[in-house]
Amino acid sequence: MRRLQNRTTPTLLLAFVFAAPLLGAENTAKQETRHQSVLADIGPAPSVALTDAAGKPFVLADLRGKAVVVSFVYTTCTGSCPATTFNLTRVQRALKEAGLWSTQVEFVSISLDPERDTPEALAAYARNYNADPVAWHFLTGPPDRVAKVVAAWGMWAKIGPSGTLDHPSRIFLIDPQGRQREIYNLEFLKPASVLHDVQTVLAESANR
């Protein structure tokens with residue numbers, strides 16, 4: 001028995017020598033896959049420096065360290081804006097239930113019609129949708145400044161055939177480092193999906 005063991009030992013050693021690098025590579029690949037995010041890094045979020053519904057200056061960069069959901073609406077809209085804001089109130093509820101609202105996540109909604117969307121009009125709009133003013137900021141400002149912000153985010157608004165403003169439906173998720181990580185349209189603005197994505201970027205930030 002001892003002779004048989006002596007004879008097989010070199011074979012076992014060779015097997016281990018060749019297998020070890022493969023096992024190490026496999027473990028490394030698993031670790032890299034585990035840490036790789038399912039959300040792309042789209043690029044830095046454009047700067048925003050406008051006025052909130054309380055008439056106070058607001059700067060998006062001041063929310064660095066939190067996840068931020070950015071939307072574009074206007075108060076007299078009868079199309080996608082009411083649906084977007086209503087869906088965001090459902091997301092707000094999900095974030096509150098998860099214990100993330102205000103402490104780790106805030107919302108920003110930028111007006112596409114600053115000439116009519118005064119701070120007072122935005123405040124009334126926010127109340128109509130039970131938007132929590134603690135962490136949901138409705139923004140307006142001088143039309144030229146708002147136009148620059150809107151364009152910087154790749155958004156636009158123009159008067160359509162019906163006389164109302166025509167604009168795309170896009171909602172942006174910004175991570176705690178100020179990077180764009182997801183762009184939703186109205187169809188995919190689901191509470192469970194947004195909550196999952198928010199938790200993803202928050203976990204990534206915590207592990208940095």
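The values are calculated or read from the model by the stated rules, or taken from the named source; none is laboratory data. In this text, all values refer to a predicted model and were calculated from it rather than measured experimentally. Virtual Cβ from ideal backbone geometry, glycine too; neighbours counted across all protein chains shown.
Here's a check for you: in the stretch 163-179, which residue that is crowded, with 21+ Cβ neighbours inside 10 Å and of a type outside the set (Val, Ile, Thr) is nearest to the chain's Cα centre (by Cα)?
The selected residue is 173.
Go through 83, 94 for me and flag whichever is touching a residue at least 40 places away in the same chain (Cβ under 8 Å) and either more than 26 Å from residue 154 (Cα to Cα) or not assigned by TED's automatic domain parsing to the domain that holds residue 173 (or both).
94
Please find, within the stretch 128-162, the residue that is surrounded by the most Cβ atoms within 10 Å (Cβ to Cβ) out of those that are charged (D, E, K, R) and more than 26 Å from residue 40 (Cβ to Cβ).
Within the stretch 128-162, the match that is surrounded by the most Cβ atoms within 10 Å (Cβ to Cβ) is 132.
Only one residue in 202, 165, 173 is touching a strand residue (DSSP E or B) at 6+ places or on another chain (Cβ under 7 Å) and either within 12 Å of residue 43 (Cα to Cα) or not assigned by TED's automatic domain parsing to the domain that holds residue 152 (or both). Which one?
The conditions single out 173.
Residue under question is residue 106, and the condition is that it be at pLDDT 95 or above, crowded, with 17+ Cβ neighbours inside 10 Å, acidic (Asp, Glu) and over 17 Å from residue 80 (Cα atoms); does it hold?
The answer is yes for residue 106.
Select, from 166, 144, the only residue that is within 17 Å of residue 75 (Cα to Cα) and without any contact (Cβ under 8 Å) to a residue 24 or more places away in the chain.
Of 166, 144, the one residue that is within 17 Å of residue 75 (Cα to Cα) and without any contact (Cβ under 8 Å) to a residue 24 or more places away in the chain is 166.
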